[in-house]
1. Among the residues in region C:52-59, are any surrounded by 15 or more Cβ atoms within 10 Å (Cβ to Cβ), within 12 Å of chain B (Cβ to nearest Cβ), at pLDDT below 90 and not in a loop (DSSP other than H, G, I, E, B)?
2. State all residues of region C:64-97 that are aromatic (Phe, Trp, Tyr), assigned to a helix (DSSP H, G or I) and buried (at least 20 other Cβ atoms within 10 Å of the Cβ); if no residue qualifies, say none.
3. Could you give every pair whose Cβ atoms fall below 6 Å, whose first residue belongs to region B:286-313 and is over 20 Å from residue A:96 (Cα atoms), and whose second residue is assigned to a loop (DSSP other than H, G, I, E, B) and among the charged types (D, E, K, R), counting only separations of at least 6 or pairs across chains?
4. Return only the number of the condition from (1) among the acidic types (Asp, Glu); (2) within 14 Å of chain C (Cβ to nearest Cβ); (3) closer than 28 Å to residue C:158 by Cα that residue A:214 does not satisfy.
5. Using beta carbons and a limit of 6 Å, which pairs, at least six apart or on different chains, have the first residue in region A:281-304 and more than 18 Å from residue A:102 (Cα to Cα) and the second one outside any loop (DSSP other than H, G, I, E, B) and of a type in the set (Phe, Trp, Tyr)?
6. Restricting attention to region A:223-247, which residues are within 10 Å of chain C (Cβ to nearest Cβ) and assigned to a strand (DSSP E or B)?
7. Show the residue pairs meeting these rules: Cβ distance below 8 Å; 6+ apart or different chains; first residue within region C:60-81 and at the interface with chain B (Cβ under 9 Å from one of its Cβ atoms); second residue assigned to a helix (DSSP H, G or I) and polar (S, T, N, Q).
8. Quick check on region A:302-309. Is at least one of its residues crowded, with 23+ Cβ neighbours inside 10 Å and in a helix (DSSP H, G or I)?
Amino acid sequence: MKLTPHSRFGAVALTGALALTLAACSSGSSAEPGATSGAGDAPAELSGSLAGAGASSQEKAVAGWIAGFNDTYPDVAVSYDAVGSGGGREQFLAGAVQFAGSDAALKDDELEAATERCEGGEALELPLYISPIAVVYNLPDVDTEHLQLSAATIAKIFNREITTWDDAAIAAENPDVTLPSTGIIPVNRSDESGTTENFTEYLEAASDGAWPHEASGDWPLSGGQSGQGTQGVIDTVSGAKGAIGYADASRAGDLGTVALKVGEEYVPFSAEAAAKVVDASPRAEGATDKRLVVELDRTTTEAGAYPLVLISYSIACSTYADAADADNVKAYLTYVASAAGQDRAADPGVAGSAPISDDLRTEVQAAIDSITAA
Amino acid sequence: MAADATTAPAGLLTDDAYRRLPSWSPWAFAAGALAAALLVLLALGAVSTAGVVVLGAVLFVLSSSITSRVVEGPRRAADRLATTLVTGAFLLALVPLVSLVLLVVTRGASSFGWAFLTTDMVGVFGEMTSGGIAHALVGTLLVTLAAALISVPVGLLTAIYLVEYGRGPLARGITLLVDVMTGIPSIVAGLFAFALFTLIMGPAYRAGIMGAVALALLMTPVVIRSVEEMLRLVPNELREASYALGVPKWLTIVKVVLRTSAAGIVTGVMLAVARVIGETAPLLLTVGLVTQTNTDLFDGRMATLPVFAYRQYEQGGTGIDRAWAAALTLILLVMLLNLVARLVSRWFAPKGAR
Amino acid sequence: MAVTTTPPPRGAAPRPSSDAGDTAGAAARAASTGRLAGRVFGALSTGAGVLILVTLAAVAVFLVLRAWPALTASREELEAISWFNGGSVAEYVGPLIFGTLLASLLALLLAVPVSIGIALFISHYAPRRLAQGLGYLIDLLAAIPSVVYGLWGALWLIGRLDPVFAWLSSNLGFIPLFADYQAPAKNIMSASVVLAVMILPIITAVSREVFLQTPRLHEEASLALGATRWEMVRQAVLPFGRSGVISASMLGLGRALGETMAVLMVISPGFLFSFFLLKPGQQQTIAANIASKFPEASGLSVSALIATGLALFVITFVVNFAARWVIARRAEFSGAN
């Protein structure tokens, strides 16, 4: 059913395909990282529909990207279905959508399936959405911009070993702040989420054993306050003084946010700090020049890096059966990776994500340029 | 001084019948209790509307019961207490209703408007305040319409079977199971539609029709019940008169029974639609949400109002305003259906049939 | 009442002859097409009735089919689902069933007394001219979509319940039920309050109908003997309506069991067999759990969730069946009177 519009627009798409290949070549050869030129030069002749599905973490950014992409290519109907990372990968591998968004990289068995889905080609995994996760707290009377906490202290707070705000461990890290004796109410996500997975991963790796649980998308403790989805967490934290939780940084609103201890200094979240940790982190085992999977270094001591981030990958094929699909995906991802696309998502009013660095963009663009039709 | 005058005869049982508190006394007690509550709370420095009402209610019950017991005797006091509690229960039920309606209207009114009703969410992102529910409105109407198209014929025919044909164990069994079906949780209906379609069409299949089937499952028993009641209201004399003229049974049903009860049936169907139009859980599982209008019931996700409201709330920020406005639209839609249903039953009631 | 199991006696008497009249009439008209139409129409309506049975069976069958992978999965496979507690579907669904029943019974406990009060107010206390309008007002509560109740519960009610619960916990905290309240009020009690409001209209509507059917003579006899209004209600109306109120409560219970969105948006879920009503993160209901996990689920986890849905289906089936059984028994009794 999804193919009907393609056949109808086939002729147009073919012209578009040629145009785009030329455009992509020129931008590739000029080796300029600003892939905006690719989007800017290409005539708006692409059409058809482009369906994506996957992580809800990306949803807001994707909404912004689709709007920006449609400024240049108004005839491509892009949709993104926030069905969750697992569902997105499943639908992508089943061929139901052309691209997927996922908070986790493809697993081994999925890679095999991806080869089949991609006509013998390879799957592309592009870290195009980097989002800092903020540790938010509701202490309206505490007079400081950011409370300073180490991963070990945060782990103890969430493991309910530290139960009041004036605990010695917190006071030691915030010598200049008068802390109230309010009880701490830790708040977690009640649904399974990439945010929880990244947060527990950070606690496990960086807390020197203070976090006794394994990293998981599902919160390991029971018997505490929790919220359904990001908004549920924000509502719950806002609902009681002394509450602390973790959420997508762009949604922190009026709540206080924690500066994390990195090396010997405390770093509050910011787009630059989040991008920095991605650059400082090594590639995961098995990563290729197409699958740019990052093994986040949670224990980094790099100055000014904020290690509590979530990376959501855009997953696509290197080879598509349908030429129109290949062109649409290519044009869309090129826009997403471009400075314009990344800046749009980084707007705090859109998704507040961290724009990828120019170095990473060069690599991403090279991978995107390899997309072809079978 | 007055107490002496009243307590003395209260000892005589026979006075019970005529020694009463004046009819305005409850109002006086209520006003006194509220004033006392206000003063007490002012003295304590903790004045709030809720506090005054709660403390006032307690004081009212205490003061009026005690006075009544002294003046009128225990039986009248119990009667007064019962009246207070029963009235109180009703007023208590108004608290959620009034607060909910006020909340939805005040929070929803800011975003609500013609533009909100006529735009969709294509190209709306971030903190943009534009965007609306046109796509969700279309989706809700389509899905509900499809559900009605499935459930009305089935419900109508089943009701006809139960009233006109059915007897014996089959009819009894169907009656019982229709009642049981009324109690199927909406989320189970959603799971059923999901299981049915994903088993047949493959695991990634999502379409408006899935939601329609789930809603139809919820709607059918309601339709059957109301149509059945309407058919039973048709006087048997009408049927017999028709038979006496040699009209076959099926034609009697179509031309006489259904025609007589048409208004009631339409009302029943509209009320059934009003019941399912706000269902969220089954649609959340099956139909999902998209940003643009999808008019194809058989392919792809569709936006619907309840799911839109829920997901916009989850998005936070300006989404919460849209969620309230969508909730307001939904309530207005349900009210409209209820109102039209009642008007239909009033205006088109069969003339002289009852 | 309209909820009877057999056609009313008035309609039953002439009907056997009507079948004969049907055939005779058709034969007299010599319209063989008419007879065919009659037969088709009869078959259609019977078929629709049978379709109801088939549909109910299909619900069970498809749920079982889709839940089957989870029902037969090994312990290891199930534990690979990150949110899965326990080694089998039965172990997983146990606390959920407990939470569902607890939330619904609490809601019933809160709603039934208020509903009886409202029903009495409308049937016997309110000025007659106002009664119908007031009844319609309460029915409005039933017309409000559940997602709106969720928004109301999450963004308005929780804040209002907070001082009440804090008071309960600090003054009655020695009773384990009320111990360990933690703000915000995202506990099973809040969920039950929202559920109670949601089932209020149905319990009220059915009770009101029953109360209104109290024989006039009983009421007048009571009043004539000098009873006060409350005594009349206690002697005549309540005994007459008792079984009606019971079945109304069962219907309310059935509805509370399956309510999803309001619980989802209000409760801090947990998976414990816990009676702490004010403590967060203790209980969760089946329906809310499905709605929370389903959107992101894939593969085996979908099957596991559908298996919990199957359990919910069975529970509501039993409750509704019991409710109808009570009503049917009452119908027999009142027939004997």
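The values are calculated or read from the model by the stated rules, or taken from the named source; none is laboratory data. None of these values were measured; they are calculated from a predicted model. Cβ: placed from backbone, ideal geometry, glycine included. Neighbour counts: every protein chain shown.
1. no
2. From region C:64-97, those aromatic (Phe, Trp, Tyr) are C:68, C:83-84, C:92; that's our starting set.
Okay, now just the ones that are also assigned to a helix (DSSP H, G or I), so C:68, C:92.
The one that is aromatic (Phe, Trp, Tyr), assigned to a helix (DSSP H, G or I) and buried (at least 20 other Cβ atoms within 10 Å of the Cβ): C:92.
3. So the pair list comes out empty.
4. Single failed check for residue A:214: (3).
5. If the second residue must be outside any loop (DSSP other than H, G, I, E, B) and of a type in the set (Phe, Trp, Tyr), the pairs left are A:298/A:202.
6. Keep residues of region A:223-247 that are within 10 Å of chain C (Cβ to nearest Cβ), which gives A:223-229, A:231-232, A:235-243.
Matches in region A:223-247: A:225, A:226, A:227, A:243.
7. Correct list of pairs: C:66/B:198; C:66/C:303; C:67/C:303.
8. Initially, region A:302-309 is screened for residues crowded, with 23+ Cβ neighbours inside 10 Å, giving A:305-309.
Adding the requirement that they be in a helix (DSSP H, G or I) leaves none.
Checking region A:302-309: not a single residue is crowded, with 23+ Cβ neighbours inside 10 Å and in a helix (DSSP H, G or I).
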